[in-house]
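These notes are about the structure you will find just below.
The values are calculated or read from the model by the stated rules, or taken from the named source; none is laboratory data. Worth saying up front: this structure is predicted, and the values here are computed from it rather than measured. Neighbour counts run over all protein chains shown; Cβ positions are idealised from the backbone, glycine included.
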Amino acid sequence: MATRKITLKTAKKNQGSLSRARVQRVVAEVYAMSRAELQAITTKKSEEILLTVPVRKAVNGK
Amino acid sequence: MDDIKIAGSYDTVFINCPFDALYQPMLRAIVFAVYRCGFLPVTALDTDDGTETRLLKIIRLIERCRYGIHDLSRIEQSSGNFPRFNMPFELGIFFGARYLGDKIQRNKNALIFERVKFTYQQYISDLNGIDPKAHNNDPFMAIQLTSDWLRTASGRKTIPGHVVLKTEYQEFDEKLPAIIAKLGFAISDLPLTEYRTIAEAAVREKLV
């Protein structure tokens, strides 16, 4: 059954440190990959990942 | 472009929930569902301004959001033997705005989550008659309840059915580790702000 498409809503200002254009590129790339390719990336990258952004700690458990 | 727009106050959903690792699968599912339904998820972690107190920031965010998701499922005692009051407190602010605010604020609409049906009556009996929804700590149930509520509350005909939403979220969840790895993060430590950017891009990818 055909449904009407939603309009995606976004924030005026990007809150994160990643650029939207870069993330969109990476997402498109990954969505086009096969399951085997996905697994290969995850295994390879998990060995070499370094956090590039400091992690925000929970405040009062939230 | 027609497929993406800056959100107005009628498109924003304030998410009042825990932000710890235990709750992460739930929060990620809810954020994805909100985007996929055509709304913008907003949380207290969105901006970091040292000149603004946490409470003022929360009040400002609640004021600008027509919709609110308030999860009371995790109010049990913390390691210091104190119950967690933040979520009920913020729900109280939302109610205050809804019933004491101006014409715009009176349009507010909330979805209240609990873990098991009717347990709220034991700790917040003032909510009797409000009908909180039980998600049983199941992210897919949270997706279904969120989309059902947004469809009813907004009256929008474009919101997809929960089977579509769950299928798309499952696909996204499978691809997320690879996306995160390629962006140079670890899945266990991905900040919420970065997750939001990724979820937004994933929803857009499927719409194009």
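Which ones in segment B:106-149 are acidic (Asp, Glu) and at pLDDT 90 or above?
B:GLU114, B:ASP138, B:ASP148
Just to be sure before I move on: is B:GLY50 surrounded by 23 or more Cβ atoms within 10 Å (Cβ to Cβ), away from every other protein chain (no Cβ under 12 Å) and not in a helix (DSSP H, G or I) in the structure I sent? Talk me through it step by step, then tell me what you get.
Working: surrounded by 23 or more Cβ atoms within 10 Å (Cβ to Cβ): no; away from every other protein chain (no Cβ under 12 Å): yes; not in a helix (DSSP H, G or I): yes.
No, not satisfied.
Residue count for segment B:28-43 satisfying the condition of being in contact (Cβ under 8 Å) with a residue 40 or more places away in the chain, within 11 Å of chain A (Cβ to nearest Cβ) and either in a loop (DSSP other than H, G, I, E, B) or closer than 21 Å to B:LEU72 by Cβ (or both): 6.
Give the residues of segment B:155-169 that are free of Cβ contacts under 8 Å to residues at least 24 places away in the same chain and at negative phi, sorted by residue number. Correct list: B:LYS157, B:GLY161, B:HIS162, B:VAL163, B:VAL164, B:THR167. Within segment B:170-208, being among the hydroxyl-bearing types (Ser, Thr, Tyr), touching a residue at least 40 places away in the same chain (Cβ under 8 Å) and at the interface with another protein chain (Cβ under 7 Å from one of its Cβ atoms) holds for one residue alone: B:THR193. In segment B:130-138, is there at least one residue being among the charged types (D, E, K, R) and closer than 18 Å to B:ILE62 by Cβ? Within segment B:130-138 (the criterion being among the charged types (D, E, K, R) and closer than 18 Å to B:ILE62 by Cβ), the answer is no, since none of the residues qualifies.
Kindly indicate whether B:ILE75 is β-branched (Val, Ile, Thr) and either closer than 24 Å to A:ALA11 by Cα or more than 18 Å from the chain's Cα centre (by Cα) (or both). Write out each step before concluding.
On the way: β-branched (Val, Ile, Thr): yes; either closer than 24 Å to A:ALA11 by Cα or more than 18 Å from the chain's Cα centre (by Cα) (or both): no.
Considered against the rule, which asks whether it is β-branched (Val, Ile, Thr) and either closer than 24 Å to A:ALA11 by Cα or more than 18 Å from the chain's Cα centre (by Cα) (or both), B:ILE75 comes out as no.
Note on segment B:1-27: residues that are modelled with pLDDT of 90 or more, not aliphatic (A, V, I, L, M) and not in a loop (DSSP other than H, G, I, E, B) total 9.
Scan segment B:79-98 and give yes if some residue there is closer than 29 Å to B:PRO160 by Cα and outside any helix (DSSP H, G or I), otherwise no. Within segment B:79-98, not a single residue is closer than 29 Å to B:PRO160 by Cα and outside any helix (DSSP H, G or I).
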